[in-house]
Amino acid sequence: QARLVESGGGQVQIGGNLVLSCTGSGYIIGANEMAWFRGTVGRQVSLIARINSAGWTTYDAAVEGRFTISRDVRQNRILLRMNNLGASDTAIYYCNTPGRGFAWGQGTQVTVSS
């Protein structure tokens, strides 16, 4: 069954950096439009970054200028580079198509603390 697997989360201090990875399992990400989402317990998952087939990227205002989405076709994955993390970035991060075509995976937990 095709699915997306997120990894790379962890606990960092305020101002720290992380790189998240989303790998396709049984699914070729290729040039498909992809996105990163995040959510916390009790709150809806929201889209924060997307990349289209031409490589154009868009970001939620809360992360623009600090996060960068990119694709690695050779490794069949999508990356999210996160810089200057703040406490409000604490969440579970998921990848999916912008239309949420896949069932949500486990996600990867990012915890930012002082």
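Computed over the Cα atoms of the chain, pair by distinct pair, the Kirkwood hydrodynamic radius stands at 13.9 angstrom. Solvent exposure of segment 1-88 amounts to 57 Å² per residue of accessible area, where only protein heavy atoms count and the probe is 1.4 Å. For Tyr27, the residues whose modelled amide H falls within less than 5 Å of its own, excluding neighbours fewer than 5 places apart on the same chain, are Arg3. Charge tally around Gly30: other residues with Cβ under 13 Å, Lys/Arg +1 each, Asp/Glu -1 each, net +1.
Taking other residues whose beta carbon is less than 12 angstrom from the beta carbon of Thr90, and scoring Lys, Arg as +1 and Asp, Glu as -1, yields +1. GNM on the chain, alpha-carbon springs under 10 angstrom: the most fluctuating residue among Arg74, Arg66, Arg100 is Arg74. Can you pull the percent of the chain's accessible area that's carbon plus sulfur, 1.4 Å probe, other chains left in place? Here it works out to 46 percent. Taking Cβ atoms as reference points and 15 Å as the exclusive limit, the residues near Asp72 contribute a net charge of +3, counting Lys and Arg as +1 and Asp and Glu as -1. Applying the Karplus relation 6.51 cos²θ - 1.76 cosθ + 1.60 with θ = phi - 60° to segment 68-74 yields 3J(HN,Hα) values of 9, 9, 8, 10, 10, 5, 4 Hz, where x marks Gly and Pro.
The values are calculated or read from the model by the stated rules, or taken from the named source; none is laboratory data. Not measured: the values here are computed from a predicted model. Positions of Cβ are backbone-derived with ideal geometry, glycine not excepted, and every protein chain shown enters the neighbour counts. The protein model used for the area step is the full one, side chains on, heavy atoms only, and it has no ligands, DNA or RNA in it. Shrake-Rupley method; radii C 1.70, N 1.55, O 1.52, S 1.80 Å.
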